[in-house]
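The structure under discussion appears below in the form of structure tokens.
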Amino acid sequence: MSWETIIGLETHVQLRTKSKMFCGCSTAFGAPPNTQVCPVCLGLPGALPAANGAAIGLAVRGALAFGCTVHPKSVFARKNYFYPDLPKGYQISQFDQPLATNGTLSFLSSERGVVNATIVRLHIEEDAGKSIHDRFAKATAVDLNRSGVPLIEIVGGPDLRSPAEARAYLQTLKQLLEYIGISDCDMEKGSLRVDANVSVRRAGETALSTRTEVKNINSFAFVEKALTVERDRQIALVESGGTVTQQTMLYDSKENSVRSQRSKEESHDYRYFPEPDLPPLVLTPEFIAEQQSELPELPGAKRDRFVASYGLSREHATVVAATRAVAEYFETVAKTSTEPQAAANWVMTEALADAKDHGDQLRVSTAALSQIIGLVKGGTLSNQAAKRVFAEVAAKGGDPRAIAESLGLVQVGDTTVIAGWVTEVLAAHPSEVERYKKGETKLLPFFVGQLMRASKGKADPKLAQRVLEEKLAP
Amino acid sequence: MSDAKAVADRLVKAKRLNALLTPPKDLRKSLNTQIAAARPTGVLYGMPVAVKDNICTLEFTTTCGSRILEGYRSPYDATAVAKLKAAGALIAGKTNCDEFAMGSSTEHSAYGRVLHPLDKTRVSGGSSGGSAALVAAGAVPAALGSETGGSVRQPAAFCGVVGIKPTYGRVSRYGLVAFGSSLDQIGVFGRSVHDAARVLSVISGRDPRDSTCEDRDPLRLPTVPESLQGFVIGLPKEYFPPELDPAVRRACDRAIRIMKELGAAVREVSLPHTPYAVPTYYVIAPAEASSNLARYDGVRYGPRFNGAADLRSLYRSTRGQGFGPEVRRRILLGTYVLSAGYYDAYYRRAQQMRALIAQDFRNVFDRGVDLLFTPTVPSPAFKAGEKLADPIAMYMSDIFTVTANLAGLPAISLPIGRAKGLPLGGQLIGQAFLEDEMIEAAYALERVVPATDEA
Amino acid sequence: MSVSRDEVLRIAQLAELDVDEEALPTLAEQMSRILDYAAQLSAVPANGTVKVFVPGPDAIRFRADAVTPSGLAFGPDEFAPAFKEGFFVVPKLGQFE
């Protein structure tokens, strides 16, 4: 019995603006509770919304990046429900006339290769505040700092076929939105949130089965785990003769399990109607064009260009194009050093490793790294030595050449000096020389090693090898 | 410059009307502070203006005539209030009103009904009954009210004062506690057209905080005209049905005769969708209200009505006990018409009907009519309790006023006579953003119409 | 009667309103009458050809993305019914967590 899993993700992304969607309160993370509030986001009697133009611009950029159709006229709507962190008793969102529809997100599935997942719609809405259930006994603490922060909701179609694909989709989505700079997409900080729709069906069936919604997924790793747990639960249920009922499942990361979010009345009647406090959202062609022009080269295009222009493999190009910061870093180093392959290697290994331990900072400047690459190419530094110099520059800055010299790492590339060492080494190992001349050419590395010892590591090993070979030749 | 004591005394003298919700002690104290701070260069310097209790003021409380906001002090001023203060006016207390502006008699206030200044057995109208009564009693020269379906014009007509409703989007709604968002506007009561218009001028104009407020300069007041020469006044036949109260008809006839004598061209017109206006209104207003009133949940402000074991109990007891029966009824109605399965049949249909009603007006104005004249209300002030048994009976008193709210048009009610001593009101409905023409005509009419004569 | 007693109860739950058991029949009857009265609106053709009308500006105005003062003369600690350590406090949802 072979099962197919169908997954669609709904992602909520906080937009990077200074102020909230409908009021001038700050969106800064981490402020003391209820200090970034005003009559509007507190839902005080008489308050009214005033829309943030920058948020609208960022939302349009997001829609364009997915290749969506951006609708010149869309309408804000009220989604009515009661919850303590929803101050007005409704959320201003969009319903039947959203900002954008019909886009694509292409990602790489380890199972199926490139998948072009549908973006069904993208719309603008405001965030709710935060309810904290474990601070006070028998009570919930409510902080409205987050209430009113601008969000886009990105609804993906039921195009994903495994928990792993869900994770890959999400990572690609995050990369894209970070690339275009509209959001931090930080699941820890809550600027990227995901809910998943999951159903299963027997392989070969075409109709979609009843799906459940999985919520409370707080990291990329948990995306995969939660969906695996829910998929397995559904399969086990159906295999034992049961049926899947439409419900909301909450993921528990500690137990790695899901449980049903039972509510007394499953009333999802949001009674949507057009927001009477806001006229329609009308976007001029100029406005949309401006957002288009603000879009940078997108990750897919950049990766393809790296392959074409710099001869990188697709894998390497993907790694160095992973974020805009790294891509721009790589490209500058590639151009300055004129050694794109070397640049890619250095970025993928030393630069990213160092960044990982230092808050994602690329500590070595592009100029310095280019220099280092040049020094290796010119034989002044061995690869080993270059790595040491890199580490020094990363930690303390400075000029690579000067550092190499001060650390005594500069290789000796003077043929005369090397010839001297060669003579020394050959003189010290006559029996090996004898054996070499008799045909044991595998002894060459031995001589190189001896020469490196004699030169206290300073000899350029490639040059040393050449000179040795010449001297040992019959 | 007003004397705090004199202003307060006049208001306290009208205490028996139950029109003022502000305790006299608080009023006096605040007036002293305000007078000291008032801007001497302001065009309304020293003018005491009473404010309906559904408009947010830093002074006093803002209860909206409801228990659910009992004792609530707003931490900000409505834009209209801020503009009054900037013009040097004094906020002379908060006035009683139907709860959350839902009503036509102020009998639905949690704080008791407002008595008609001339006959205490009768209602002063609603929902802005308190503001109307205070101006009629001479306690203040002007007062702010609010309109959703006629809540300024109707009480103005009942009490014999001037009441103006501006074009939708002329005055900022920021700080006006929302009832029917696409219908609400702050309106003004005055002893005279001039008093009301002056105040309207001050509170009008752009406000970036209200996205439905048009980006326009404040209203410029017209001069008092010599005559009504050049005005074309339309009389919509649907507002003069055969069963119209005879006294109302006589008063209107007299006013129409005066308009002709003043040189206006008068012609009969038709607004064919008028019969659908009240049902349209009573779908749209409660629908929007049901959503606007969701925020009253006991979580962030206002009293809680229950020790509350859990959240749902908190919501339900606070709202169940904090809201009065009319408000509860409208919330239920509104929730129903928006709910799944009913949206198209009721709300969407009502919004479409609204378009037809608005089109009726456009058709008439496009054919050379400048203003429309109609009775404001079908009859003079009714007796307290008379219309409480049947909600629809109460709703029908809005029959001549709701169309202007639905179409977003400006309108003014002015006293045009008496029926056995009770005031009668006649209304002019103007074109969008042409309040000046409407006020101009009202000035002319006011000078000649014998407002206190029996019709 | 277009609105049943049970429907009124359901709507009351949606609107988070306590309704007295005894009041339900009257409420149902009143709502039915009002809705019957409102049903006159079916005079409008059912198709979507008639556009809706909403007064006010034709398009939303964009606000600049700047942090502005809250405009609050005093904070939530002064108007909240229950406020502790900077948070609004409400009873727990109960089994709905």
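Table for the structure above
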item: Every residue from the range B:200-216 that is closer than 19 Å to B:Met438 by Cβ and touching a Leu at 6+ places or on another chain (Cβ under 7 Å); result: B:Leu200, B:Ser201, B:Val202, B:Ile203, B:Ser204
item: Subset tally (residues that are of a type in the set (A, V, I, L, M, F, W, C), more than 7 Å from chain A (Cβ to nearest Cβ) and exposed (fewer than 13 other Cβ atoms within 10 Å of the Cβ)) for the range C:53-97; result: 2
item: Residue in the range A:46-54 that is assigned to a helix (DSSP H, G or I) and surrounded by fewer than 24 Cβ atoms within 10 Å (Cβ to Cβ) present; result: yes
item: Residue match in the range A:132-151 (condition: closer than 30 Å to A:Val37 by Cβ, acidic (Asp, Glu) and over 21 Å from the mean Cα position of the chain (by Cα)); result: yes
item: Unique match (being among the aliphatic types (A, V, I, L, M) and crowded, with 19+ Cβ neighbours inside 10 Å) among A:Ala351, A:Ala308, A:Ala325; result: A:Ala351
item: Complete set of residues in the range B:333-373 that are of a type in the set (Gly, Ala, Ser), surrounded by fewer than 22 Cβ atoms within 10 Å (Cβ to Cβ) and either touching an Asp or Glu at 6+ places or on another chain (Cβ under 7 Å) or at the interface with another protein chain (Cβ under 7 Å from one of its Cβ atoms) (or both); result: B:Ala340, B:Ala355, B:Ala358
item: Positions within the range B:309-319 being in contact with a strand residue (DSSP E or B) (Cβ under 8 Å, 6 or more places away or on another chain) and either buried (at least 23 other Cβ atoms within 10 Å of the Cβ) or at the interface with chain A (Cβ under 10 Å from one of its Cβ atoms) (or both), in sequence order; result: B:Ala309, B:Asp310, B:Leu311, B:Leu314
item: Residue check for A:Thr366: touching a Ser or Thr at 6+ places or on another chain (Cβ under 6 Å) and either assigned by TED's automatic domain parsing to the domain that holds A:Asp184 or polar (S, T, N, Q) (or both); result: yes
item: Some residue of the range B:264-272 being in contact with a helix residue (DSSP H, G or I) (Cβ under 7 Å, 6 or more places away or on another chain), part of a helix (DSSP H, G or I) and farther than 29 Å from A:Asp143 by Cβ; result: no
item: Where a residue in the range A:328-345 is under 9 Å from A:Thr366 (Cα atoms) and its partner, wherever it lies, is part of a loop (DSSP other than H, G, I, E, B), with Cβ under 6 Å and at least six apart; result: A:Tyr329/A:Leu362
item: Of all residues in the range B:92-127 being aliphatic (A, V, I, L, M) and buried (at least 24 other Cβ atoms within 10 Å of the Cβ), the one that is nearest to B:Leu11 (Cα to Cα); result: B:Ala92
item: Residue count for the range A:143-176, restricted to those that are under 25 Å from A:Asp96 (Cβ atoms) and of a type outside the set (D, E, K, R); result: 12
item: One residue from B:Arg198, B:Arg191, B:Arg153, B:Arg170 being within 22 Å of B:Thr403 (Cβ to Cβ), more than 12 Å from the chain's Cα centre (by Cα) and modelled with pLDDT of 95 or more; result: B:Arg170
item: Restricting the range B:320-331 to residues that are surrounded by 19 or more Cβ atoms within 10 Å (Cβ to Cβ), within 28 Å of A:Val142 (Cα to Cα) and not small (Gly, Ala, Ser), the residue that is farthest from the other protein chains (Cβ to nearest Cβ); result: B:Val327
item: Count of the range A:22-36 residues which are hydrophobic (A, V, I, L, M, F, W, C) and either in contact with a Cys (Cβ under 6 Å, 6 or more places away or on another chain) or on the phi > 0 side of the Ramachandran plot (or both); result: 2
item: Selection status of A:Val229, among the β-branched types (Val, Ile, Thr), modelled with pLDDT of 90 or more and not in a loop (DSSP other than H, G, I, E, B); result: yes
item: Residue ID - farthest from the other protein chains (Cβ to nearest Cβ), chosen from residues in the range B:190-229 that are among the aliphatic types (A, V, I, L, M) and in a loop (DSSP other than H, G, I, E, B); result: B:Val224
item: Test for A:Tyr270: is it farther than 29 Å from B:Leu338 by Cα and either hydroxyl-bearing (Ser, Thr, Tyr) or at pLDDT below 90 (or both); result: no
item: Enumeration of residues in the range B:266-303 that are farther than 17 Å from C:Gln40 by Cα and among the β-branched types (Val, Ile, Thr); result: B:Val266, B:Val269, B:Val299
item: Subset of the range A:160-183 [part of a helix (DSSP H, G or I), farther than 16 Å from A:Arg16 by Cβ and not β-branched (Val, Ile, Thr)]; result: A:Pro163, A:Ala164, A:Glu165, A:Ala166, A:Arg167, A:Ala168, A:Tyr169, A:Leu170, A:Gln171
item: Inter-residue pairs, beta-carbon under 6 Å, first farther than 14 Å from B:Ala419 by Cα and in the range B:242-257, second assigned to a loop (DSSP other than H, G, I, E, B), 6+ apart; result: B:Ala255/B:Val449
item: Only listed residue being of a type in the set (Gly, Ala, Ser), more than 19 Å from A:Pro87 (Cα to Cα) and over 26 Å from the mean Cα position of the chain (by Cα), chosen from C:Ala39, C:Ala59, C:Ala23, C:Ala64; result: C:Ala64
item: Within the range A:74-90, considering residues that are hydrophobic (A, V, I, L, M, F, W, C) and touching a strand residue (DSSP E or B) at 6+ places or on another chain (Cβ under 7 Å), the one nearest to the other protein chains (Cβ to nearest Cβ); result: A:Phe76
item: Every pair of residues 6+ apart whose Cβ atoms lie under 8 Å, when the first sits in the range A:272-290 and is within 7 Å of chain B (Cβ to nearest Cβ) and over 29 Å from A:Tyr81 (Cα atoms) while the second is in a helix (DSSP H, G or I) and at pLDDT 95 or above; result: none
item: Residue satisfying condition, being touching a residue at least 24 places away in the same chain (Cβ under 8 Å), more than 16 Å from A:Asp127 (Cα to Cα) and surrounded by fewer than 24 Cβ atoms within 10 Å (Cβ to Cβ), within set A:Gly62, A:Gly57; result: A:Gly57
item: Some residue of the range A:170-177 being surrounded by 18 or more Cβ atoms within 10 Å (Cβ to Cβ), under 17 Å from A:Phe29 (Cβ atoms), touching a Phe, Trp or Tyr at 6+ places or on another chain (Cβ under 6 Å) and in the same structural domain as A:Gln36 (by TED's automatic domain parsing); result: no
item: Options A:Val389, A:Val422, A:Val467; residue that is without any contact (Cβ under 8 Å) to a residue 40 or more places away in the chain and assigned to a helix (DSSP H, G or I); result: A:Val389
item: Test: residue in the range B:426-440 that is closer than 23 Å to B:Ser379 by Cα, more than 18 Å from the chain's Cα centre (by Cα) and in contact (Cβ under 8 Å) with a residue 60 or more places away in the chain; result: no
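The values are calculated or read from the model by the stated rules, or taken from the named source; none is laboratory data. Predicted, not measured: the structure shown is a model, and the values here were computed from it. All Cβ positions, even for glycine, are placed from backbone atoms using ideal geometry, and neighbour counts span all protein chains on display.
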